[in-house]
Amino acid sequence: MIRIVKEKAFASVLEVIVTAVIFMLAAFGIMTTVSMLRPHDLESYRELEAAYHAKNMMDYLRGQVDAGTWDTGPLATGVTHSNTIGDYTVNWSLTEVDPAAYPPGLAPRKLAMNVYYPD
């Protein structure tokens, strides 16, 4: 009878050790996966913030449209403009789209914008 109890006790201790090892490996895998997701989360945050800066700059430029300032300041064509907001740098330029097809001064304009953000 004592022999059976000792064998079962040994088996239960071995089972506990094996279960603990398996649990540790699983926990290590989960923690590694979670830690790898953090840099991607930070990169997404920077990209989203850069997109908001670009949207805010476009809203600002839209508010500058006026008959008196159409060819001056931030709305001048053929010039690369730059604005730094914190760590983000917004560069933009305006070009007229096919000016020969429209009356003078009425050609639509195309906005090209780049936002540079820290790595």
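The values are calculated or read from the model by the stated rules, or taken from the named source; none is laboratory data. Note that the structure is a prediction, hence the values are computed from the model and not measured. Counting neighbours? That spans all protein chains shown, and the Cβs are built from the backbone with ideal geometry, glycine included.
The numbered conditions (1) within 17 Å of Leu61 (Cα to Cα); (2) part of a loop (DSSP other than H, G, I, E, B) are all true for Asp119 except (1).
Residues in region 76-90 that are out of contact with any helix residue (DSSP H, G or I) (no Cβ under 6 Å at 6 or more places or on another chain) and either assigned to a helix (DSSP H, G or I) or hydroxyl-bearing (Ser, Thr, Tyr) (or both): Thr77, Thr80, Ser82, Thr84, Thr89. Among the residues making up region 94-116, those that are part of a strand (DSSP E or B) and over 30 Å from Leu42 (Cβ atoms) are Leu94, Thr95, Glu96, Arg109, Lys110. Please indicate, with yes or no, whether at least one residue in region 38-45 is at negative phi, at pLDDT 85 or above, surrounded by 11 or more Cβ atoms within 10 Å (Cβ to Cβ) and not β-branched (Val, Ile, Thr). No, region 38-45 has no match at all.
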